[in-house]
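The values are calculated or read from the model by the stated rules, or taken from the named source; none is laboratory data. Keep in mind that what you see is a predicted model, and the values were worked out from it rather than measured. Positions of Cβ are backbone-derived with ideal geometry, glycine not excepted, and every protein chain shown enters the neighbour counts. With ligands, DNA and RNA removed, areas are computed over all heavy atoms of the protein, side chains included. Shrake-Rupley method; radii C 1.70, N 1.55, O 1.52, S 1.80 Å.
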Amino acid sequence: MRETQEVRDKVVLVGLNSPVLKRDENADEGSMEELAALVETAGGETVGTVLQNRASPDPRTFVGEGKVAEIQLYCENVGATMVIFDNDLSPSQQRVLTDLLGVQVLDRCGLILDIFAQRARTKEGRLQVELAQYQYLLPRLTGMWTHLERQGGTSGQGAIGSKGPGETQLETDRRLIHKKIDKLRADLNEVRRVRGTQRERRRKNEIPVVAIVGYTNAGKSTLLNQLTGAAIPANNRLFDTLDTTSRLLTVSDTLDVVISDTVGFIRKLPHQLVEAFKATLEELEYADLLLHVIDVSNPDWQQQAQVVESLITELGADRLPRINVFNKCDCLPVGEIMPHGEDIVTISARTGAGVDQLLEKIDKRLDKGSRRVTLHIPYDKGGLLDMLYREAKVESVSYSETTDVVAVCTPKVLGRVAEFIEM
């Protein structure tokens, strides 16, 4: 059941399709539907959509003076309180459009940042979102001081009649934001240092790390819940989970892994967010295996998968072993031909169908030759038991003429044991 929340704004959506824009910068019906879903996630209500085809964007108003007048009249007729563009706007375009339309204007980037600010719960998540917001805000400060924009401060460099506090205030704000950004980056570097320590500990313990990645709302949190019983919220809503959750998962008798979900990806993900969330997303680079969760019930799943692939490459994790997990197979018509292959598995994270096959594939990809053995350790070699507790999976210990240990060990650990005792 979806949460009910008060509608914050009535929103008109605007998108531009132009041959001079890159494919991922253009708006189309699919991206506009996704933008409407983002508005709903943010607590707004979409009351109209304007999709324009134009030879090239207008440098001043992006969509042209005539279209702006049309949108302004449309906003009055439907009682809109906000206009959100599916394309990225420059700070000057956003300022001009706000003046001409008489309502607040945001672009897709600003909307996503607002959603992230609502959803972040942990200290780390809030730090990352705050950094992205300040980076987005910095070039837009001028628009907040339009009532003083003709005043150039008291430096004596401005035109006659331009002296005043405006530029001084603008420069003060910029300095404060730069200081805040530096402080946030320092805090996130400390987060990275702590994560590095945790990573080193896992490496020493030889615990593999599995990272779940995928498009937003593909079912990553539902899959983590199904595998581990994590009980994290998993609603049918974009960016419902921002904060990374990690759990220990027993894949088989000989394999335990740490499995983590990550923030969902989306088309036109703001570069400020990618940069800010690198403290979290860099975990992908150090994972032993990626599970790329794909919503196969979505008609645009191929395009969504490509978006995720591009971001994985940008984060330097494109060479890692990967299993493509096609989720929501229960939402497809009976008899539908499903993707198949060596590193492909089809599941329903909601019902659990196909999860056993997924565990088998994880076990196969991460198999390091571990096996269950019974070790007879002489009492004068008792220090080996401590080593086994640290570096192997000890299942039972009994005492007779020797200390008898049943444990799951990697070849490396068995080699170290064999140096001291005869198995």
When residues of region 183-199 are filtered for being open to solvent by less than 40 Å² (accessible area, probe 1.4 Å) and either hydrophobic (A, V, I, L, M, F, W, C) or farther than 14 Å from Glu285 by Cβ (or both), how many remain?
3
Does at least one position in region 354-373 carry a residue that is more than 26 Å from Ala230 (Cβ to Cβ), without any contact (Cβ under 8 Å) to a residue 24 or more places away in the chain, in a helix (DSSP H, G or I) and of a type outside the set (D, E, K, R)?
no
Taking region 323-348 on its own, how many of its residues are at positive phi and modelled with pLDDT under 80?
1
Filter region 67-91 for residues that are assigned to a helix (DSSP H, G or I), touching a Lys or Arg at 6+ places or on another chain (Cβ under 8 Å) and either open to solvent by 50 Å² or more (accessible area, probe 1.4 Å) or closer than 22 Å to Asp24 by Cα (or both) and give the result.
Pro91
Can you tell me which residue in region 327-347 is least open to solvent (accessible area, probe 1.4 Å), limited to those that are hydrophobic (A, V, I, L, M, F, W, C) and without any contact (Cβ under 8 Å) to a residue 24 or more places away in the chain?
Val345
Quickly run through region 389-416 and pick out the residues that are more than 23 Å from Pro208 (Cβ to Cβ) and either open to solvent by 70 Å² or more (accessible area, probe 1.4 Å) or free of Cβ contacts under 8 Å to residues at least 12 places away in the same chain (or both).
Ser396, Ser398, Tyr399, Ser400, Glu401
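Quick grid of which residues meet (1) buried (at least 17 other Cβ atoms within 10 Å of the Cβ); (2) modelled with pLDDT under 95; (3) more than 29 Å from Leu238 (Cα to Cα):
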residue: Glu33; (1), (2), (3): no, yes, no
residue: Val39; (1), (2), (3): yes, yes, no
residue: Ala42; (1), (2), (3): yes, yes, no
residue: Gly64; (1), (2), (3): no, yes, yes
For region 375-384, give me the residue count where each residue is in contact with a strand residue (DSSP E or B) (Cβ under 6 Å, 6 or more places away or on another chain) and open to solvent by 30 Å² or more (accessible area, probe 1.4 Å).
1
Index of the failed condition, Gln151 passing every other in (1) at pLDDT 85 or above; (2) of a type outside the set (Val, Ile, Thr); (3) not in a helix (DSSP H, G or I)
(1)
Within region 48-65, identify whether any single residue is more than 12 Å from Asp86 (Cβ to Cβ) and within 29 Å of the chain's Cα centre (by Cα), and answer yes or no.
yes
Among the residues of region 45-53, is there at least one that is open to solvent by less than 40 Å² (accessible area, probe 1.4 Å), out of contact with any Ser or Thr (no Cβ under 7 Å at 6 or more places or on another chain), closer than 20 Å to Gly110 by Cβ and part of a loop (DSSP other than H, G, I, E, B)?
no
